[in-house]
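Here's the structure we're looking at; comments come further down.
No lab work stands behind these numbers, since they all come straight from the coordinates. Because the structure is predicted, anything quoted here is derived from the model rather than measured. A quick note on method: Cβ atoms are made from the backbone with ideal geometry, for glycine too, and the neighbour counts reach across all protein chains shown.
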Amino acid sequence: MRILSMLLITCLFLSSCETIKGVGRDVEDAGEAIDDSIDDE
């Protein structure tokens, strides 16, 4: 179930990026979100 969820999230993430620049922004935003969640702990 966990693998299926991660696959679905990955597909949605990739389909939402229209350009390489968009992918870069999405990766940067994801990195910032992870960084923020680590800082909160």
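At-a-glance table
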quantity	calculated
Approximate spin-label separation Asp36-Val23, in nm, with each point projected 7 Å along Cα-to-Cβ	2.5 nm
Net charge contributed by nearby residues that have their C-beta within less than 11 Å of Asp29 (K/R +1, D/E -1)	-4
